[in-house]
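Just so it is clear, none of the values below were taken in a lab; they were calculated from the coordinates. No experiment lies behind these values; they were computed from the predicted model shown. We place every Cβ from the backbone using ideal geometry, glycine too, and count neighbours over all the protein chains shown.
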Amino acid sequence: MKKLALLFLSLSFIACQNEKKTISSSDQVNETDLSFKYDSVKVSSNVLVKGNENLTDTTKAVISYPVFSDQKINQFIEQKVMKFANEGEHYATYNDFASSFIKNFDAFSKENKEYGQTWFLDAKVKVEEQHPQYLSFLITFVNYEGGAHPNSSFTYLNYDPQNHQEILLDSLINPGSMPELTAIAEKIFRKNEKLSPTASLKDNYFFENDKFSLNQNFSINKKGLKFLYNPYEIKAYAYGITELVIPFADLKDVAKPNSLLNPAN
């Protein structure tokens, strides 16, 4: 258990621009350099909107992200963020993404001169876990383009910095063990939600066919395997996100030997 705890101790940080964070040379494997700092891009509209008390404001798009010494990691993050662009559009750079959001607002504002409201885009990539064999990122998108409330999404990315590839859930569990993992997770979910083992999921949840299921939005921390459901994914927007953590002790029969979910003792 001591080794397990050491493997998943995360380095704390304050998510601010240009923060520097490194790991010691004794923690590095195959000379992998996991040092990084935060950077950001910000694009603002020239269209001023008059709000309450005659104060003026404008639409802004801000994207903050880590910049690693290893360019392959940076490319992986940027490519993933671009895939989250609205309406299925894909962009080459963070600045292209932010600029497109502003252009869309400017075009909308030109056609709707009486609209009188600003939009905003706030996108962040945060390093959640940082270890020689594992990097976990949380991509947070909060944007407003009119309507009753902003939209938000929270998405984990998992990366192997030694082999430079994304870590998928199937690569961590034994073949054919997804039903068993789902059953373990459902017990925890029902306990968290204060539901009996036989209570229906029909009325208060949005699971397909009213049957509990796991998504692929996961991260690994010192407590175990964490899943995150976004607003509207399984519950009404007012309930926000739903998190579910499966402790390592419950994963011993489904995790691949010597994997991140079942490290060697």
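So if the hydrodynamic radius of the stretch 55-121 is defined as the Kirkwood radius over C-alpha pairs, what does Stokes-Einstein give as its diffusion coefficient at 25 °C and 0.890 mPa s, in µm² per second? Before the final figure, lay out the partial values.
On the way: Rh = 13.5 Å.
Stokes-Einstein gives a translational diffusion coefficient of 181 µm²/s.
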- Item | Overall form of the stretch 132-265 per C-alpha gyration tensor (a/c, 1.5; a/b vs b/c) | oblate
- Item | Area projected by the alpha carbon convex hull of the stretch 188-243, averaged over all directions, nm² | 4.1 nm²
- Sorted by average packing, counted as other Cβ atoms within 10 angstrom per residue and highest first, what order do 164-175, 118-129, 91-102 take? 118-129, 91-102, 164-175
- Query: In the stretch 170-265, which trypsin sites (Lys or Arg not before Pro) are in a loop and have at most 12 other Cβ atoms within 10 Å, using DSSP for the loop call?
  - Reply: Lys194, Lys202, Lys211, Lys223, Lys252
- Have a look at the DSSP beta bridges in the stretch 35-132 and tell me what percent are antiparallel, nearest 5. 70 percent
